[in-house]
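What follows is a set of notes on a single structure, which appears directly below.
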Amino acid sequence: MEIITCLVIAVVAFAGGIVGGRYLLRNLLKKQENAAQNKAKQILKDAENNADLLKKNKLLEAKEKFLQLKSEHEQELNQKNIGISQRENTLKQKEQSLNQKLENQNRKEQELDTQKKHFEKQTEIVVKKQQEVEVLKNQHISQLEAIAGLSADEAKSQIVANLKEEARSTAMAQIKDIVDEAKLTAAKEAKKVVIQTIQRTATESAIENTVSIFNIDNDEIKGRIIGREGRNIRALEAATGIEIIVDDTPEAIILSGFDPVRREIARLALHRLVTDGRIHPARIEEVVAKTQKQIEEEIVEIGERTVIDLGIHGLHPELIRMVGRMRYRSSYGQNLLQHSREVANFCATMASELGLNAKMAKRAGLLHDIGKVPDDNPELPHAILGMQLAEKYKEHPEICNAIGAHHDEIEMTSMISPIIQACDAISGARPGARREIVESYIKRLKELESLALSYPGVEKTFAIQAGRELRVVVESEKISDAQSEILAADISNRIQTEMTYPGQIKVTVIRETRSVAYAK
């Protein structure tokens, strides 16, 4: 019984708990719902407040932007109004100026009309006077014809015949006097023209030598230039063909060679190597190649600068390059470019004195020794070779004749040819201008190199040590070691039989083999 009571109580309690729990849960959910609704209302209220604030801010920004655009538009309008005002003022000024000009023009036209009427009146008066004079003249002629018994035409014929005879006698006498005077003064005038030409061109004496001095900061650089076992100096001599003398001379290295171009290449290459600090055979060959290219560009630049300085136009580019190469050539010790510029100025001066074409004479004077520049065709005289080059590059026939005839190889056919010949003699005959010994010495060295270069398989030849040694560089693919010895003997025997030279000449044949591979 108690158990049933307990169970009933438990069931009742459980049911009451469920009912109470549901009631509490419902109240809790209701509170949460009310809180959520309150929160939502608060969010909506805040959102409305923020929206109003943003709206006000946007309105303020829009107003500021509008005011700014309005201000800019007003400034632009003001500027345009100012520009329009300025244009209106300019137009008004031009209108006033035109009106003033029109008034002046009208006034001048009125003055011209007045002058024209006055001139017409004067013309009528002059015509009447001329008619009266003509009538009086005819009356006078009629009276003279009646007195002399001759007509006017017959009298004129007699007077003209008498005047012709008198004029002929006077002219013959004057011609005889002029011829006699010309014979006496011709030589004097010719000397005067030559002296004036020489005096108006002042140049220095130019003597070329075969040695250049390369100055260095200290003697330690000499050891680096020589290199281990002399490899560097041998590579430099083989690449340039110049003998490099490193002796006890303090802070100086001597570059010896007869070719000024080679000496200049060697000097510039040495300067680059010493400045860079990297001195080894591969670097030496690279620097010498770059220097040779630089010298070629400099030759063209020298030629262009020369023709510009002399005012010569329309010269062929190849002739300009040859003019630049004159800088590194000599004629009996006289610099060829300096000599040619000097002759060009002489010719222009002398042609002007004689009333000839000065520009053509100057052009011919600059090109007269162009045949000394090329190394080919050595059997032709330089005047004939220069004439052929001028003809090849379409120079004027008178210029070609002047070049070819300045040493009497061909007949002179133009007026400027004797001028070129005379000016060439004037330039070369100055005291100290030329030195025969140097020219013959350089010619002997060139012949020495050309003799060795005529053999097949020879790549380069260099005459060094003032012609006492000839170095011959051969191609290793064509010449073997045994053939090198035979070639040295053949060249030395041919030198003995064909050339005249002091002392003895050492012939050195150089054959080099290189093996090159690339690691990739």
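Bear in mind that the values in this text are calculations on the coordinates, not laboratory data. If you're wondering where the values come from, they're calculated on a predicted model, not measured in any experiment. Glycine also receives a Cβ, built like all others from the backbone with ideal geometry; neighbour counts cover every protein chain displayed.
Charged neighbours of residue 47, selected by a Cβ distance under 14 Å, balance to +1 (K, R count +1; D, E count -1).
Here's the list of aspartates and glutamates a cross-link from residue 359 could span, going by alpha-carbon distance under 15 Å and ignoring same-chain residues fewer than 8 apart: 309, 342, 395, 398. A Förster distance of 45 Å, applied to the separation of the beta-carbon atoms of residue 37 and residue 59, puts the FRET efficiency at 0.85. Is the shape of region 308-352 best called rounded, prolate or oblate, per the rule: a/c under 1.5 gives rounded, else a/b larger than b/c gives prolate, else oblate, with a ≥ b ≥ c the square roots of the Cα gyration tensor eigenvalues? Oblate, since a/c reaches 1.5 and b/c is not below a/b. For the cross-link pairs 362/394; 39/63; 293/506; 293/460; 394/443; 460/520, which exceed 24 Å when the distance is taken from alpha carbon to alpha carbon? Pairs exceeding 24 Å: 39/63; 293/506; 394/443; 460/520.
Order 63-71, 235-243, 455-463 from most to least packed using the mean count of other Cβ atoms within 10 Å.
Numbers: 63-71: 10.0, 235-243: 22.3, 455-463: 17.8.
Per-residue Cβ counts within 10 Å, averaged per peptide and sorted highest first, yield 235-243, 455-463, 63-71.
Residue 239 sits among other residues whose Cβ lies under 15 Å from its own Cβ, and their net charge, with Lys and Arg +1 and Asp and Glu -1, is +4.
A protection proxy built from the mean count of other Cβ atoms within 10 Å ranks the segments 268-277, 128-137, most packed first, as 268-277, 128-137. Principal axis analysis of the Cα atoms in region 1-145 yields extents of 204, 27, 13 Å, listed in decreasing size. Taking a straight line from the alpha carbon of residue 446, these aspartates and glutamates sit under 18 Å away, with near neighbours fewer than eight places off in the same chain left out: 208, 237, 243, 259, 264, 375, 376, 379, 436, 459, 469, 498. By the equivalent-ellipsoid construction on the alpha carbon gyration tensor, region 321-429 comes out with semi-axes of 20, 16, 12 Å, ordered largest to smallest.
So how do 4-16, 473-485, 505-517 stack up, highest first, on mean other-Cβ count within 10 Å? Could the numbers behind the result be given before it?
Details: 4-16: 9.8, 473-485: 14.5, 505-517: 11.8.
Result, highest mean Cβ count within 10 Å first: 473-485, 505-517, 4-16.
With the charge dipole of region 1-89 set up from +1 on Lys and Arg Cβ and -1 on Asp and Glu Cβ about the Cα centre, the Cα lying farthest toward the positive end among the listed residues 9, 75, 57 is that of 9. Counting Lys and Arg as +1 and Asp and Glu as -1 over every other residue whose Cβ lies under 13 Å from the Cβ of residue 505, the net charge comes to +1.
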